[in-house]
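First comes the structure, then the notes that go with it.
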Amino acid sequence: MPTVFIKTYGCQMNERDSEAVAAQLAERGYSLAASAQTADVVLLNTCSVRDLAEQKAIGKMTELAAKNRKTKGNAIFGYLGCMAQSRGAQLVQDQPDVRLVLGTQKFHRAADYLDELVQGRQRSIVDTEEEVGSQNTIKEHLTTLGGKTQITSFVSIMQGCNQYCTFCIVPYTRGQERSRPIAEIVEEVRRQVVNGAREVTLLGQIVNSYAKRELPFIDGKSPFVQLLEAVSAVEGIERVRFTSPHPKGYGDDLVEAYARLPKLCQSAHIPVQSGSNRILKLMHRGYTTERFLELVGKLRAARPDIGLTTDIIVGFPGETEEDFDQTLTLAREVRFDNAYMFKYSPRRDTPAAAMEGQLSDEVKEDRLARLLNVINTIGAERYETCVGRRMEILVEGPSKRNPLTWSGRTRCNKIVVFDGSNRHLGQLMDVDITRNGSFTLYGDPAILNGD
Ligand code: 5AD
């Protein structure tokens with residue numbers, strides 16, 4: 001059977017989609033190749049959120065296809081996901097080595113289409129159609145990845161987005177919001193527990209919009225909070241997380257869930273995008289900085305030790321120095337633990353791309369550097385406050401940077417590196433934090449479970 005290599009660009013949802021495709025192909029008898037060069041099938045699961053992500057995937061495809069032509073010459077190349085959705089057949093025209101283009105509602109068709117291509121029944125296949133119920137198809141997992149149990153499991157609870165932020169391509173690439181039934185999500189989490197998972201992260205574009213049109217509020221609880229309760233009730237799951245919520249419609253029921261559900265980790269990634277109300281309005285975000293700050297206040301009242309991270313865009317069209325200054329002020333006021341920061345990237349067919357006041361790359365670069373400085377300084381201070389404390393971590397495996405050491409995550413979502421070994425894998429254990437590095441903590445095991 002052929003071997004397959006899948007490279008993923010972009011968000012955790014893309015990672016999850018790739019895993020579901022890999023599981024589907026493994027089920028069909030494919031094995032996972034160690035590298036793109038040795039694979040019979042190479043799939044790039046793409047991201048369209050910024051132009052850079054698209055250019056990276058296109059560049060990678062060009063490079064891999066050229067190498068393949070020079071060597072064995074018969075690998076099958078394909079694009080999956082957001083860029084596949086938005087560029088469609090154009091990708092095959094521009095890069096004739098590409099033989100499969102699979103949109104965001106068609107991941108579950110990967111094995112069937114590859115069969116067609118492998119057996120030579122078709123030269124190329126492009127499928128970017130919409131499909132009712134496609135949100136229910138991202139459910140298979142690779143139970144082991146490279147021999148490692150997945151201690152932390154990611155589960156997709158919905159697809160699409162109806163918010164139409166003016167900068168964002170996602171509603172066009174991922175379609176309208178569609179949610180999975182609670183029972184199916186819970187069943188998937190149960191299966192993951194059987195496979196060794198102890199933590200689950202629920203994934204969606206705007207998770208707090210989960211099933212809001214399909215399911216009613218019950219006892220003042222939104223469908224998403226009902227889902228959190230159902231997932232928390234799964235025996236064997238020790239920790240529950242989710243990403244990302246939207247500040248708009250972030251109800252008190254969700255804030256209260258942090259205080260009420262012991263498995264729900266005190267960590268929240270809440271994209272703020274800008275600290276200027278004028279820009280937030282142009283972005284079509286649906287909240288003000290005052291409302292955002294109020295939400296942060298409520299979350300910190302519910303869980304004083306909550307870890308808070310965010311996304312910020314600099315250089316949105318028309319952003320003045322004053323607007324940007326307000327973003328810096330907001331960052332200083334909230335004191336995020338960390339932030340993902342982006343230069344605004346005009347995306348095709350989005351309203352912001354046609355707005356007046358597009359800024360030069362120099363201005364964006366300069367603002368990004370200044371924001372990075374503020375976020376990094378505050379982040380380091382926030383990490384520093386953990387030093388000397390005893391914190392619970394879930395051990396995930398060898399550290400990415402130095403595989404001789406081990407790493408786990410605190411409940412507030414900070415990575416802790418420590419001297420560990422295989423016997424720590426999947427353990428919830430206390431560590432004494434001894435020092436902090438760049439967005440990393442170092443610690444010594446305090447009490448070893450089972451010792
Ligand atoms: N330019 C820059 N950043 C963007 N994001 C989304 N669209 C754009 C864009 N056009 C960022 C937002 C979002 C994150 C996933 O990517 O901050 O929260």
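Quick one: count up the residues across segment 355-382 that are within 13 Å of the ligand (Cβ to nearest atom), more than 25 Å from the chain's Cα centre (by Cα) and either of a type outside the set (A, V, I, L, M, F, W, C) or assigned to a helix (DSSP H, G or I) (or both). Number of matching residues: 2. Being touching a strand residue (DSSP E or B) at 6+ places or on another chain (Cβ under 8 Å) and either outside any strand (DSSP E or B) or within 11 Å of the ligand (Cβ to nearest atom) (or both) is the filter here, so list the residues in segment 167-181 that pass it. Phe167, Arg174, Gly175, Glu177, Arg180 - these are the residues of segment 167-181 that are touching a strand residue (DSSP E or B) at 6+ places or on another chain (Cβ under 8 Å) and either outside any strand (DSSP E or B) or within 11 Å of the ligand (Cβ to nearest atom) (or both).
From the list Arg303, Arg332, pick out the single residue that is over 18 Å from Tyr250 (Cβ atoms) and either away from the ligand (no atom under 16 Å from the Cβ) or in contact with a Ser or Thr (Cβ under 9 Å, 6 or more places away or on another chain) (or both). Show your work before the answer.
Details: Arg303 fails: over 18 Å from Tyr250 (Cβ atoms).
Step by step, each of Arg303, Arg332 is checked, and only Arg332 is over 18 Å from Tyr250 (Cβ atoms) and either away from the ligand (no atom under 16 Å from the Cβ) or in contact with a Ser or Thr (Cβ under 9 Å, 6 or more places away or on another chain) (or both).
Among the residues of segment 335-348, are any touching a residue at least 40 places away in the same chain (Cβ under 8 Å), more than 14 Å from the ligand (Cβ to nearest atom) and surrounded by fewer than 18 Cβ atoms within 10 Å (Cβ to Cβ)? Yes, that holds for at least one residue. Annotation note: Cβ proximity below 7 Å between a residue of segment 380-403 that is under 15 Å from Gln427 (Cβ atoms) and a residue that is hydrophobic (A, V, I, L, M, F, W, C) and in a loop (DSSP other than H, G, I, E, B) (sequence gap 6+ or interchain) occurs for Leu394/Ile151; Val395/Leu425; Glu396/Ile151; Gly397/Leu425.
Every condition in (1) more than 17 Å from Gln150 (Cα to Cα); (2) assigned to a helix (DSSP H, G or I); (3) of a type in the set (D, E, K, R) holds for Arg423 except the one numbered (1).
Kindly check whether there is at least one residue in segment 13-23 that is within 21 Å of Thr128 (Cβ to Cβ), assigned to a loop (DSSP other than H, G, I, E, B) and of a type in the set (Lys, Arg). No, every residue in segment 13-23 fails to be within 21 Å of Thr128 (Cβ to Cβ), assigned to a loop (DSSP other than H, G, I, E, B) and of a type in the set (Lys, Arg). As a summary of the residue check, Leu404 satisfies the conditions (1) touching a strand residue (DSSP E or B) at 6+ places or on another chain (Cβ under 9 Å); (2) at pLDDT 95 or above; (3) away from the ligand (no atom under 13 Å from the Cβ) except for the one numbered (2).
The values are calculated or read from the model by the stated rules, or taken from the named source; none is laboratory data. Worth saying up front: this structure is predicted, and the values here are computed from it rather than measured. Don't worry about glycine lacking a Cβ; one is built from the backbone with ideal geometry, like all the others, and counts go over all protein chains shown.
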